[in-house]
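Enquirer: The structure under discussion is supplied below as structure tokens; questions concerning it will follow.
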Amino acid sequence: MKLNWLEFAAMNNPVRAWLQHHIEARRLLEMGGPATNARALEIGCGRGVGSKLILDVFHAATVDAFDLDPRMIKRAAKRLKNRGNRVTLWVGDATQINAPDSTYDAVFDFGIIHHIPDWHKAVAEVHRVLKPRGRFYAEEILKDFILHPLWRRLLDHPRQDRFDHQQFIDALNQAGMTVTADKPFRQSIGWYIAEKKT
Ligand SMILES: C[S@@+](CC[C@H](N)C(=O)[O-])C[C@H]1O[C@@H](n2cnc3c(N)ncnc32)[C@H](O)[C@@H]1O
């Protein structure tokens, strides 16, 4: 589901870009290593900061990226316009990824799967589009944060069937990936690296 006005503002400002670069991407890089020369995909790319990091920090060769919200894709296109044909953007849904099976060496999720009511479907789609031994880099927001009374008032997330740290790991394993690294922060945020089984 799309963001409410408050989360839209929170996602589109320089503080968030700084955090994404210096904390979130750095943590995923430490846990999963670079994606050198990879054909990469970012699901729910928002305003395109993650895709920029996938090229510049993870050293992917190309990045395909999509988001449910056309306003986000407009912003991402502006941000990434000088990257030429290394970047392809579209409006799309993570529960029906517009790519053939086994397309990508790496798939990135900077906090989007918790926005999806049928989040298991999105995990299955990530698995489908990864090549065997391809790597999934994920940062996710966990049930305790989503259901916290303060954040319930301020933010708009699906509330049924949310996941905690272990449930997200179990879902990745059940979808056919092996979780190689994971790190929770207070049952609120989790970081995950998973590899598609051959
Ligand atoms: C919390 S924001 C994160 C955006 C970006 N990844 C970032 O880190 O700045 C979640 C994003 O997921 C997008 N989104 C929500 N449901 C989606 C879906 N089913 N498929 C693709 N994108 C989705 C929203 O439009 C929003 O841009």
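Enquirer: Identify the residue in the range 71-84 that is under 25 Å from Thr36 (Cβ atoms) and outside any loop (DSSP other than H, G, I, E, B) and, among all such residues, is most open to solvent (accessible area, probe 1.4 Å).
Expert: So the residue we want is Lys81.
Enquirer: With the requirement that a residue be in contact (Cβ under 8 Å) with a residue 24 or more places away in the chain and part of a helix (DSSP H, G or I), what does the range 29-70 give you?
Expert: Result: Leu29, Met31, Gly32, Val49, Gly50, Ser51, Lys52, Leu53, Ile54, Leu55.
Enquirer: Ser51 versus (1) over 25 Å from Ala10 (Cβ atoms); (2) surrounded by 14 or more Cβ atoms within 10 Å (Cβ to Cβ): which is the lone unmet condition?
Expert: Evaluating Ser51 over (1) over 25 Å from Ala10 (Cβ atoms); (2) surrounded by 14 or more Cβ atoms within 10 Å (Cβ to Cβ) leaves (1) as the failure.
Enquirer: How about the range 1-22: which of its residues are in a helix (DSSP H, G or I) and over 17 Å from Glu139 (Cα atoms)?
Expert: Here is the first cut: in the range 1-22, the ones in a helix (DSSP H, G or I) are 5-11, 14-22.
Residues satisfying the conditions are Trp5, Leu6, Phe8, Ala9, Pro14, Val15.
Enquirer: Residues to consider are Asp64, Asp56; find the one that is within 16 Å of the ligand (Cβ to nearest atom), open to solvent by 10 Å² or more (accessible area, probe 1.4 Å) and closer than 24 Å to Lys183 by Cβ. Show your work before the answer.
Expert: On the way: Asp64 fails: closer than 24 Å to Lys183 by Cβ.
The unique qualifying residue is Asp56.
Enquirer: Mind listing whichever residues of the range 20-41 are out of contact with any Phe, Trp or Tyr (no Cβ under 7 Å at 6 or more places or on another chain) and either farther than 14 Å from Val57 by Cα or modelled with pLDDT of 95 or more (or both)? Steps first, answer last, please.
Expert: We begin by selecting, within the range 20-41, every residue out of contact with any Phe, Trp or Tyr (no Cβ under 7 Å at 6 or more places or on another chain); these are 21-23, 25-26, 30, 33, 36-38.
Once the filter is applied, which keeps residues that are out of contact with any Phe, Trp or Tyr (no Cβ under 7 Å at 6 or more places or on another chain) and either farther than 14 Å from Val57 by Cα or modelled with pLDDT of 95 or more (or both), the range 20-41 yields Ala25, Arg26, Glu30, Gly33, Thr36, Asn37, Ala38.
Enquirer: When Ala25 is evaluated against the numbered criteria (1) surrounded by fewer than 22 Cβ atoms within 10 Å (Cβ to Cβ); (2) in a helix (DSSP H, G or I), which criterion, by number, is the only one it fails?
Expert: Of (1) surrounded by fewer than 22 Cβ atoms within 10 Å (Cβ to Cβ); (2) in a helix (DSSP H, G or I), only one is false for Ala25: (1).
Condition check ((1) more than 22 Å from Leu41 (Cβ to Cβ); (2) of a type in the set (Gly, Ala, Ser); (3) buried (at least 19 other Cβ atoms within 10 Å of the Cβ)) across all residues:
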| residue | (1), (2), (3) |
| --- | --- |
| Asp118 | no, no, no |
| Glu125 | no, no, yes |
| Gln167 | yes, no, no |
| Met177 | no, no, yes |
| Lys196 | no, no, yes |
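Enquirer: For the subset of the range 13-25 comprising residues that are farther than 20 Å from Ile146 by Cα and in contact (Cβ under 8 Å) with a residue 12 or more places away in the chain, which member is nearest to the ligand (Cβ to nearest atom)? Spell out the reasoning first.
Expert: Quick first cut of the range 13-25, residues farther than 20 Å from Ile146 by Cα only: 13-15, 17-18, 21-23, 25.
Checking which are in contact (Cβ under 8 Å) with a residue 12 or more places away in the chain leaves us with 17, 21, 25.
Values: Ala17: 8, His21: 11, Ala25: 10 Å.
This residue is Ala17.
The values are calculated or read from the model by the stated rules, or taken from the named source; none is laboratory data. Everything quoted here is computed from the prediction, not taken from an experiment. Here the Cβ is made from the backbone with ideal geometry for all residues, glycine too, and neighbour counts use every protein chain on show. Surface areas here come from the heavy atoms of the whole protein model, side chains and all, with no ligands, DNA or RNA. Shrake-Rupley method; radii C 1.70, N 1.55, O 1.52, S 1.80 Å.
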